[in-house]
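Asks: Below is a structure I'd like to ask you about.
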Amino acid sequence: MDPAEQRRVVRERYGGIAAEASESDAGCCDTESDASTGCCEGDESTADPDAESLRLGYDSADVDAVAEGANLGLGCGNPTALAALSTGETVLDLGSGGGFDCFLAAREVGSDGRVIGVDMTPAMVERARENVARNDAENVEFRLGEIEHLPVADATVDVVISNCVINLSPQKPQVFREAFRVLRPGGRLAVSDVVQTAPFPDDVRLDPSSVSACVAGAATIEEVESMLADAGFTEVAIDPKAESESFIRDWDDDRDPSEYVVSATIEARKPR
């Protein structure tokens, strides 16, 4: 798919999710939602965004800590737990959506820390900014921008997190180069994303909805390792999570995406 077309498909999909979430005022996985938006395919266990987050690796304290409206039930893991954040750190979330992970990160870094969310979908950024006041999160801000061209200064971030977004990019090497650029020396990358485990059949590879649904855009572990190394990262560690098959199966009503992708934690560090 042409990169511009891929961005359009992704932007439209998640813009629709943000709009639907605003209308339902209960997250994109409200039980009255239309599954054709691509958010809540599957059985009733995924109808509640809080329940979906518990399946992804968050705990009840995480879910209860964030005001309603920020958690859209999206993602494939819990990058804030992976990041092991410390007080005073500056955190950047790539593809921040409604802001759920940003608000969780803000709890960890405290008032002396700072959290920046970047998303290319105007409706998502608008929703996230509305959620700042709901969560009394003065140390969180949201910026409109593409993760391939981050609106963030060089060497100003301690930790880059992301939750199942980098696979959506048609220019993944550029995403990792940008993450490397904005990190301070010694800074780290802590990402939850999907990786490809088997070749995609043509009906998956060429399907725009599979690309925007975090399936057909996934790279292999070897490809991600190579992209990170080329960007300058060291201490690269990619850990596939076999248990993620239980929720990845629900992402598509017509086929089983777990035959081709699995969720993984991706960690790396910028040398000091």
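Asks: Scanning region 214-250 for residues that are open to solvent by less than 30 Å² (accessible area, probe 1.4 Å), of a type in the set (Val, Ile, Thr) and part of a helix (DSSP H, G or I), which turns out nearest to Pro173 (Cα to Cα)?
Replies: Residue satisfying both the conditions and the ranking: Val224.
Asks: Just for helices (runs of 4 or more DSSP H) wholly inside region 59-109: which have at least 3 residues that are touching a Ser or Thr at 6+ places or on another chain (Cβ under 7 Å), farther than 16 Å from Gly187 by Cβ and at pLDDT 95 or above?
Replies: In region 59-109, 100-109 are the helices (runs of 4 or more DSSP H) which contain 3 or more residues that are touching a Ser or Thr at 6+ places or on another chain (Cβ under 7 Å), farther than 16 Å from Gly187 by Cβ and at pLDDT 95 or above.
Asks: Are any of the residues in region 156-169 more than 15 Å from the chain's Cα centre (by Cα) and buried (at least 18 other Cβ atoms within 10 Å of the Cβ)?
Replies: There is at least one residue in region 156-169 that is more than 15 Å from the chain's Cα centre (by Cα) and buried (at least 18 other Cβ atoms within 10 Å of the Cβ).
Asks: Identify all residues within region 247-267 that are out of contact with any strand residue (DSSP E or B) (no Cβ under 7 Å at 6 or more places or on another chain) and either of a type in the set (Asp, Glu) or more than 23 Å from Val211 (Cβ to Cβ) (or both); write none if there are none. Give the steps one after another, and end with the answer.
Replies: Filtering region 247-267 for residues out of contact with any strand residue (DSSP E or B) (no Cβ under 7 Å at 6 or more places or on another chain) gives 247, 249-259.
Result: Asp250, Asp252, Asp253, Asp254, Asp256, Glu259.
Asks: Where in region 166-213 are there helices (runs of 4 or more DSSP H), lying fully within it, with 2 or more residues that are under 23 Å from Asp2 (Cα atoms), out of contact with any His (no Cβ under 7 Å at 6 or more places or on another chain) and of a type in the set (D, E, K, R)?
Replies: Values: elements: 172-182, 202-205, 208-212.
Where helices (runs of 4 or more DSSP H) fall fully within region 166-213 and carry at least 2 residues being under 23 Å from Asp2 (Cα atoms), out of contact with any His (no Cβ under 7 Å at 6 or more places or on another chain) and of a type in the set (D, E, K, R), they are 172-182, 202-205.
Asks: Being in contact with a strand residue (DSSP E or B) (Cβ under 6 Å, 6 or more places away or on another chain) and of a type outside the set (Lys, Arg) narrows it down to one of Gly73, Gly117, so name that one.
Replies: Values: Gly73 fails: in contact with a strand residue (DSSP E or B) (Cβ under 6 Å, 6 or more places away or on another chain).
From the options Gly73, Gly117, the qualifying one is Gly117.
The values are calculated or read from the model by the stated rules, or taken from the named source; none is laboratory data. Because the structure is predicted, anything quoted here is derived from the model rather than measured. We place every Cβ from the backbone using ideal geometry, glycine too, and count neighbours over all the protein chains shown. Only protein heavy atoms, including side chains, enter the accessible area calculation; ligands, DNA and RNA are left aside. Shrake-Rupley method; radii C 1.70, N 1.55, O 1.52, S 1.80 Å.
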